[in-house]
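Novice: What follows is a structure written as structure tokens; I'll ask about it next.
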Amino acid sequence: MAAHQEKKSSEERKRKNTQSGTGASQVQWGRAWEVDWFSLANIIFLLMFAPLIVYYFIMSCDQYECSLIDPLIDLVTGNKHLSDIWNKTPALTYKAAGIYTLWVTFQVFLYQFLPDFCHKFLPGYVGGVQEGAVTPAGVVNKYEINGLQAWIITHVLWFANAYYFHWFSPTIIFDNWIPLLWCANILGYAVSTFAMIKSYFFPTNAKDCKFTGNFFYDYMMGIEFNPRIGKWFDFKLFFNGRPGIVAWTLINLSYAAKQQELYGQVTNSMILVNVLQGIYVLDFFWNEAWYLKTIDICHDHFGWYLGWGDCVWLPYLYTLQGLYLVYHPVQLCTASTIGILMLGLIGYYIFRMTNHQKDLFRRTNGNCKTWGKKTEYIECSYMSVDGTKYYSKLMTSGFWGWARHFNYTGDLMGSLAYCLTCGFEHILPYFYIVYMTILLTHRCIRDEHRCFSKYGKDWKRYTAAVPYRLIPGIF
């Protein structure tokens, strides 16, 4: 969905809606008010089993050479009991707690206390203070965009240590991977619980809080839209982008260092994983200002789904390919290497160009060309909770005319490329493409449900003009 908030003065863009009844469904924009039994069952399942799923994957690599089947066979046949597996699992250590505390503290410092300077000398990069989208309550938050700067500083220090200072081993993340998992879980649950308590007693903006009356739904999906401490520390932006995504490339580098330590070389498959996922991470930070207009920031409230998910699920399950290659090094043939690289790069090109088209459309208020032709769009309107009417344009040209979420299609191509680097001996590294397919398909549906609540009949006109979600002619 490519929606553009027109760049008008605040008085111009806050014209009141005078048509009776048009805002009835739109005041629910941003959050469901009623929780059906199916959604509640899914939420309870995830709250109960998502941490166990992460543990199971990491334990399988640590104790079963990345086999997802062997632990079950051992348990079913009685060769092992749950206590046997648990007793072999590394416990939380003071060292891991120190590493994790230092890591999060350092990222908080870079985020909160070091204003961005990259936008001053990097052509084309948008950083510094930027405005987000309009919230359901009609608020426009400001953000300090400095993720690229934090990523650069962190990685410069990492390489400086690896090649000069030698304060710690480059394999430190891999060597403490399971103890660090316990630390990540503690932070994930702590920040999610704090966010819920905060929403009841001292919310940042009470009008942007939505209570369903269901504890489990509110805990998981969040109550506050943009919980903040002070003027600049925004929970959603920090935990979405830091510390998990900054760590993503460091985790992969630690895996590569461990492969070098164990086998005396780094395989081309490990290099591919580092390069392709590194491109994705750098793209995220280069376009962090654009990220302020995505579903995570524009629609999701901050709860366990984002808090725990960004602390645990993302760094542990998005990096499974590198972890697998430590235990099962794969040296790809030249043809496979080129094919996987091309798949990943083409997927990235589609992902980036699709987002670029939308970004250009937003910045020019639709007065631009797409593929050499005047950009086509559908004009629409929506309302905030206080009855203020806003105007948007939904793009129907370029990739956005092919499918409503064609950027996700490119994302899935890249995800498949990551998995293919690992060969076909085990299914574990393919969890990522399965998960991303489910996630992005669900996100399509979730996003469109909210867009329908937001835009009403205008959304129906848009879906009639662009009938497919991900794959033109199929879905």
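Novice: Compare the peptides 277-285, 360-368, 437-445 by average per-residue count of other Cβ atoms within 10 angstrom and give them in order, highest first.
Specialist: Taking the mean over residues of other Cβ atoms within 10 Å, the ranking is 277-285, 360-368, 437-445.
Novice: With every protein chain present, what is the per residue accessible area of the chain (1.4 Å probe, Å²)? Mind dumping the intermediate values first?
Specialist: Values: 21090 Å² over 475 residues.
Per-residue value: 44 Å².
Novice: Show Ile172, Ile229 ordered by accessible area, largest first, where the area counts protein heavy atoms only and the probe is 1.4 Å. Present the calculation step by step, with values, prior to reporting the outcome.
Specialist: Numbers: Ile172 30, Ile229 85 Å².
Of Ile172, Ile229, the descending order of accessible area is Ile229, Ile172.
Novice: Using the Karplus equation 6.51 cos²θ - 1.76 cosθ + 1.60 (θ = phi - 60°), what ³J(HN,Hα) coupling, rounded to whole Hz, does each residue of the range 91-102 give in order, writing x for Gly and Pro?
Specialist: 3J(HN,Hα) across the range 91-102, in whole Hz: 8, 4, 10, 4, 5, 5, 4, x, 4, 5, 4, 4.
Novice: Given the C-alpha centroids of the range 57-123 and the range 400-444, what is the distance between them in whole angstrom?
Specialist: 23 Å
Novice: With a 1.4 Å probe and all protein chains in place, put Glu144, Glu425 in order of accessible area, largest first. Kindly include the intermediate steps, with their values, before the conclusion.
Specialist: Values: Glu144 30, Glu425 130 Å².
From most exposed to least exposed: Glu425, Glu144.
Novice: Strictly over 19 Å apart at the Cα level, which of Lys236/Lys457; Lys389/Lys454; Lys293/Lys373 would you flag in this model?
Specialist: Details: Lys236/Lys457 30 Å; Lys389/Lys454 11 Å; Lys293/Lys373 25 Å.
As for pairs spanning more than 19 Å Cα to Cα, those are Lys236/Lys457; Lys293/Lys373.
Novice: By a straight-distance test (C-alpha under 20 Å), which lysines pair with Lys88 as possible cross-link partners, with residues fewer than eight away in the same chain excluded?
Specialist: Within reach: Lys80.
Novice: Right, here's the next one. In nm, what is the difference between 0.36 nm times the number of residues separating Phe215 and Ile427 and their Cα-Cα distance?
Specialist: On the way: separation 212, 0.36 × 212 = 76.32 nm, distance 3.58 nm.
Here the answer is 72.7 nm.
Novice: Here is a follow-up. Just subtract the alpha-carbon distance of Lys460 and Leu47 from 0.36 nm times their residue separation and send over the number in nm, one decimal.
Specialist: Details: separation 413, 0.36 × 413 = 148.68 nm, distance 3.43 nm.
So the chain would gain 145.3 nm between Lys460 and Leu47.
Novice: Given the whole protein assembly as supplied and a 1.4 Å probe, what does the accessible area of Met48 come to in Å², nearest 10?
Specialist: Per-residue accessible area (Met48): approximately 110 Å².
Novice: Take every Cα pair under 8 Å in the range 34-138 that's 6+ residues apart, average their separations, divide by the length, and report that relative contact order as a whole percent. Numbers along the way, then the final one.
Specialist: Details: 27 pairs, mean separation 9.7, N = 105.
Relative contact order of the range 34-138: 9 percent.
Novice: Additional query: Rounding to the nearest 20 debye, state how big the charge dipole of the range 145-302 is about its Cα centre with +1 on each Lys and Arg Cβ and -1 on each Asp and Glu Cβ.
Specialist: Numbers: 9 positive and 10 negative charges, 63 e Å.
It comes to approximately 300 debye.
Novice: At a probe size of 1.4 Å, how large is the accessible area of Lys142, to the nearest 10 Å²?
Specialist: Spelled out: Lys142, probe radius 1.4 Å, area about 100 Å².
Novice: Work out the charge dipole of the chain with +1 on the Cβ of Lys and Arg and -1 on the Cβ of Asp and Glu about the Cα centre, then indicate which of Tyr200, Tyr55, Cys380 is farthest towards its positive end.
Specialist: Cys380
Novice: Let me ask something else. Residues in the range 186-221 near a label at Leu40, defined as backbone nitrogen under 20 Å from the 7 Å Cα→Cβ point?
Specialist: 210-221
Novice: Multiply the residue gap between His356 and Lys207 by 0.36 nm, knock off their C-alpha separation, and tell me the result in nm, one decimal place.
Specialist: Values: separation 149, 0.36 × 149 = 53.64 nm, distance 3.26 nm.
Separation in residues times 0.36 nm, less the Cα-Cα distance, equals 50.4 nm.
Novice: Hey, another quick one. Can you find, among Ile433, Tyr348, Gly128, the residue sitting farthest towards the positive end of the charge dipole of the chain, where Lys and Arg contribute +1 and Asp and Glu -1 at Cβ?
Specialist: Toward the positive end, the furthest listed residue is Gly128.
Novice: Report the relative contact order of the chain, percent, no decimals, based on alpha-carbon pairs under 8 angstrom and at least 6 residues apart. Show your work: numbers first, answer last.
Specialist: Details: 707 pairs, mean separation 110.3, N = 475.
Contact order relative to length: 23 percent.
Novice: Taking H as built 1.01 Å from N, whose amide H comes closer than 5 Å to the amide H of Cys66, not counting residues under 5 places away?
Specialist: Excluding prolines and chain starts, which carry no amide H, the hits are Cys61.
Novice: Continuing with this model, one more query. In nm, to one decimal, how far is the Ser169 label point from the Cys368 one, both placed 7 Å along Cα→Cβ?
Specialist: 4.8 nm
Novice: Is it possible to state the helix-based mean residue ellipticity at 222 nm for the chain, with each DSSP H run of 4+ residues giving -39500 (n - 2.57), the sum divided by total residues, to the nearest 500 deg cm²/dmol? What is it? Write out the running numbers ahead of the final one.
Specialist: Values: 22 runs with 270 residues, N = 475.
The helix-only estimate for the chain comes to -18000 deg cm²/dmol at 222 nm.
Novice: For the range 320-353 and the range 180-196, compute the distance between their C-alpha centroids and round to whole Å.
Specialist: Rounded to whole Å, the Cα centres lie 32 Å apart.
Novice: Using the Cα centre of the chain as origin and beta-carbon charges of +1 (Lys, Arg) and -1 (Asp, Glu), tell me which of Gly473, Met220, Leu253 is placed farthest towards the positive end of the dipole.
Specialist: Looking along the dipole axis, the top candidate is Gly473.
Novice: Right, next: Which percent of the accessible area of the range 49-125 is formed by carbon and sulfur heavy atoms (probe 1.4 angstrom)? Display every interim value, and only then the final one.
Specialist: On the way: 3240 of 4600 Å².
That share works out to 70 percent.
The values are calculated or read from the model by the stated rules, or taken from the named source; none is laboratory data. Just so it is clear, the structure is predicted and the values come from calculations on it, not from any experiment. Positions of Cβ are backbone-derived with ideal geometry, glycine not excepted, and every protein chain shown enters the neighbour counts. For accessibility, only protein heavy atoms count, side chains too; no ligands or nucleic acids. Shrake-Rupley method; radii C 1.70, N 1.55, O 1.52, S 1.80 Å.
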